[in-house]
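Enquirer: I'd like to ask some things about the structure below.
The values are calculated or read from the model by the stated rules, or taken from the named source; none is laboratory data. Everything numeric in this text was worked out from a predicted model, so none of it was measured. With ideal geometry, Cβ positions are generated from the backbone for all residues, glycine too; neighbour counts draw on all protein chains shown. Surface areas here come from the heavy atoms of the whole protein model, side chains and all, with no ligands, DNA or RNA. Shrake-Rupley method; radii C 1.70, N 1.55, O 1.52, S 1.80 Å.
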Amino acid sequence: MPADDEDMETRLSAGEVIEPPTSFVEQANVSQQTVYEEFATEWPECWARAGDRLDWETEYERVLNGGDPPYRWFEGGRLNACYNCLDRHLGAGRKNKVALKWEGRLGESRSYTYLELYREVNEFAAALRELGVEEDDVVTLYMPMIPELPIAMLACARIGAPHSVVFAGFAADALAMRMDSSGSQYLVTCDGYYRRGAPVHQKNKADNARIKLNHDVDATVVVDRLGDDTPLDANEYSYRDLLAAHRGAEVDPVPRDADDMLFLIYTSGTTGEPTGVRHTTGGYLAHVLWTSHAVLDIKPEDTHWCSADIGWITGHSYIVYGPLALGTTTMLYEGAPDHPEKDRVWELIDRNAVDVFYTAPTAIRTFMKWGEEYPQQHDLSSLRLLGTVGEPINPRAWKWYYKHIGNESCPVVDTWWQTETGGMVVSTVPGVDAMKPGSAGRPLPGIGAEVVDGQGNPVEPGEAGYLVLTKPWPGMPLAMVEAEDWFDSRRPSRPALDDFDWAYFSEDSAAVDEDGYFTLLGRVDDVINVAGHRFGTMEIESAIANVEGVAEAAVVSGPHDLKGQGVYAYVCTADGYSEAELRDHIDDAIETAIGRIAVPDAVVFTPDLPKTRSGKIMRRLLESVARGEELGDMSALRNPEVVGELESAVEGEN
Ligand code: WTA
């Protein structure tokens with residue numbers, strides 16, 4: 001059964017309420033029932049509880065400036081994110097504690113203590129400086145899940161150079177677009193990596209991207225992952241040689257204003273090209289530190305495993321910055337969940353005695369399909385808390401996770417947030433709140449969020465509406481900090497929010513229940529969430545439209561039992577082209593423009609696309625066809641005759 005179809009009724013009905021286990025509550029970082037009230041009455045000063053857990057080079061003057069936008073969090077404060085993630089732990093008795101534990105794809109593992117991580121980050125920071133990187137220069141990082149990725153991030157943070165991490169699975173074109181748009185003149189990549197036993201030549205992709213760029217790349221650093229001594233050209237440097245040349249170097253952390261950019265990350269939206277979301281140093285770090293503490297309940301003694309890829313925001317916030325700011329051990333896993341066997345994840349949790357495990361519903365549904373015999377082979381009793389992120393979790397998967405992984409003794413937090421929010425904004429606080437499978441929870445303490453109708457009025461319990469954030473939050477991106485009219489300029493159409501002084505429209509819809517819990521229902525824009533990865537339909541459409549022989553294409557989300565949503569492409573062919581041949585070309589084109597992860601799950605060839613009288617493609621109708629739903633009123637269609645053909649073509653695909 002497709003996950004997003006699993007009786008929405010169950011998710012929306014009152015459903016089950018599960019109290020957090022007493023044993024958990026007793027040790028939870030945050031367990032006072034009054035936390036919501038305190039944050040509400042003290043807002044915005046409540047956020048000092050997050051800000052004061054950071055070390056500031058210059059103390060901030062105010063938690064939040066004035067009552068009007070532009071909002072500045074921790075105004076007047078100066079700090080360095082790398083200092084907060086590394087240096088300060090050395091003096092706190094943690095220098096020999098493992099900071100980063102890496103499990104590689106070939107079964108290797110490597111651990112870095114805080115001192116070792118500090119040393120390598122300093123050496124690499126010195127190398128970057130020598131290559132010419134200055135404060136505010138954007139450094140692009142294009143690497144898989146290897147320790148050098150977080151090391152490079154922290155080295156950038158140390159010298160005040162914002163990093164732009166590009167997911168390693170993205171294609172050369174996608175890398176070039178991001179480097180162009182950010183004007184990035186420095187690139188750190190690797191020779192290649194292994195994917196399902198076969199090497200992927202990452203450097204070739206990077207080389208192709210550089211050819212396409214409109215500007216020069218001053219220096220490219222290449223990490224040796226395959227061990228095959230890739231020959232280097234001018235302006236290309238070996239990571240290993242650079243470290244050797246800077247052995248023992250120390251670089252003073254550069255103090256940054258609280259609202260100086262820490263990094264930027266590209267994400268998909270409604271437009272054809274992904275946009276760079278820029279995050280701040282002080283507000284962002286405070287937000288991810290606080291939510292790692294309050295929601296993931298991370299303690300310095302813990303081993304924390306977030307299975308996301310660092311190429312996405314989840315990895316930035318909950319593999320790197322949040323956990324390291326708290327001084328915990330964070331795990332980095334390079335491999336696949338079923339290699340060498342389907343018990344790999346549980347074997348890793350068992351062997352590393354993982355305390356907190358944070359993953360995506362798509363992974364949980366896959367584990368569920370493989371069966372509970374795999375987790376049963378291992379001792380998972382080290383686990384204390386489980387989390388999910390990225391898409392709605394259906395109650396069946398939630399319960400499976402709670403029972404078979406958490407042994408009914410670990411709370412499950414379903415955390416709703418976005419690249420734009422920087423960190424979690426809606427979730428239960430596990431030491432305080434009861435859980436409701438399928439429902440994320442209330443806005444976190446200190447977060448203003450509501451579900452409103454098209455007029456901006458809060459919806460009645462049980463009804464669906466738009467999820468809006470009604471108050472600024474520390475992890476908000478720089479674009480919002482800078483623009484007084486951020487909301488108005490970005491979202492002119494809906495909903496009417498005149499009654500709010502300020503609001504951010506998330507593009508998600510949700511329903512809210514009597515207890516104020518939000519049940520997330522999906523995006524209301526043209527963004528598809530495939531296995532927790534975010535794509536704009538426009539991006540995929542333009543890649544398809546470039547294929548010779550394609551007359552027209554429309555991309556929508558369709559059902560997929562594991563990935564939550566799948567990519568469905570409806571394609572009209574030009575005369576004289578064979579569908580079989582086109583299918584291959586379409587897949588290739590997407591792989592080249594974006595990457596393999598965006599290749600459609602179904603390509604439906606059709607003589608025509610359903611259009612309104614004014615010529616607009618009716619995407620909602622295409623989505624309904626993909627889901628096999630009732631189609632309802634089609635009077636707005638110019639060409640209703642196409643619908644029958646579409647339905648039979650989709651059946652053929654499924
Ligand atoms: C979706 C990932 C339901 C949502 C952190 C959002 C979720 C988009 C949840 C952001 C959740 C994320 N329940 N839906 N717990 N978490 N989403 O920017 O549609 O990659 O807008 O950030 O993922 O995706 P992004």
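Enquirer: Given the -39500 (n - 2.57) contribution per DSSP H run of 4+ residues, what per-residue ellipticity at 222 nm results for the chain, rounded to the nearest 500 deg cm²/dmol? Before the final figure, lay out the partial values.
Expert: Values: 21 runs with 181 residues, N = 654.
Computed mean residue ellipticity for the chain: -7500 deg cm²/dmol.
Enquirer: Let me ask another. Which whole-number value in Å² is the accessible area per residue of segment 198-321, probe 1.4 Å? Walk me through the numbers on the way to the answer.
Expert: Details: 4480 Å² over 124 residues.
Normalised by residue count, the accessible surface of segment 198-321 is 36 Å².
Enquirer: Shape of segment 6-115 from its Cα gyration tensor (a ≥ b ≥ c, root eigenvalues): rounded if a/c is under 1.5, otherwise prolate when a/b > b/c, or oblate? Kindly include the intermediate steps, with their values, before the conclusion.
Expert: On the way: a/c = 1.94, a/b = 1.06, b/c = 1.82.
Judged from the Cα gyration tensor, segment 6-115 comes out oblate (a/c at least 1.5, b/c at or above a/b).
Enquirer: Can you give the Rg/Rh ratio of segment 164-252, where Rg is from the C-alpha atoms and Rh is the Kirkwood radius?
Expert: With Rg and the Kirkwood Rh in hand, the quotient comes to 0.98.
Enquirer: I'd like to check one number: the per residue accessible area of segment 526-653, probe 1.4 Å, reported in Å² as a whole number.
Expert: 43
Enquirer: Further question: Could you state how much accessible area Thr22 has, in square angstrom rounded to the nearest 10, with a 1.4 Å probe and all protein chains kept in place?
Expert: Approximately 100 Å² for this residue.
Enquirer: Sort Ile18, Ile265, Ile211 by accessible area with a 1.4 Å probe, largest first.
Expert: Ile211, Ile18, Ile265
Enquirer: Would you give the gap between the C-alpha center of segment 317-357 and the C-alpha center of segment 50-93, rounded to a whole Å?
Expert: 28
Enquirer: For the chain, what's the relative contact order in percent, using C-alpha pairs closer than 8 Å and at least 6 residues apart?
Expert: Across the chain, relative contact order equals 14 percent.
Enquirer: OK, next. Taking the alpha-carbon centroid of each part, what is the distance from segment 397-466 to segment 589-604 in angstrom?
Expert: 31
Enquirer: Please report, in whole Å³, the volume per residue of the convex hull around the C-alpha atoms of the chain. The partial results should precede the final answer.
Expert: Values: hull volume 100.4 nm³, N = 654.
Here the figure is 154 Å³ per residue.
Enquirer: List the lysines whose Cα lies under 19 Å from the Cα of Lys563, skipping any in the same chain that are fewer than 8 positions away.
Expert: Excluding near neighbours in sequence, the set is Lys342, Lys369, Lys399.
Enquirer: Classify segment 407-448: rounded, prolate or oblate, from the alpha-carbon gyration tensor (a ≥ b ≥ c, eigenvalue square roots; a/c under 1.5 rounded; otherwise prolate if a/b is larger than b/c)?
Expert: prolate
Enquirer: Also: Can you give me the solvent accessible area of Ser427 with a 1.4 Å probe, rounded to the nearest 10 Å²?
Expert: 0
Enquirer: Report, to the nearest whole %, how much of the accessible area of segment 109-266 belongs to carbon and sulfur atoms, 1.4 Å probe, protein only.
Expert: It is 42 percent, rounded to a whole number.
Enquirer: Sticking with this one: Regarding segment 109-266, what are the three Cα extents along the principal axes, ordered largest first, in Å?
Expert: Taking max minus min along each principal axis of the Cα atoms, segment 109-266 gives 38, 35, 28 Å.
Enquirer: Can I ask one more? Provide the packing ranking of 621-631, 334-344, 552-562, i.e. peptides ordered by the mean count of other C-beta atoms within 10 Å per residue, highest first.
Expert: Going by the mean number of other Cβ atoms within 10 Å, highest first, we get 552-562, 621-631, 334-344.
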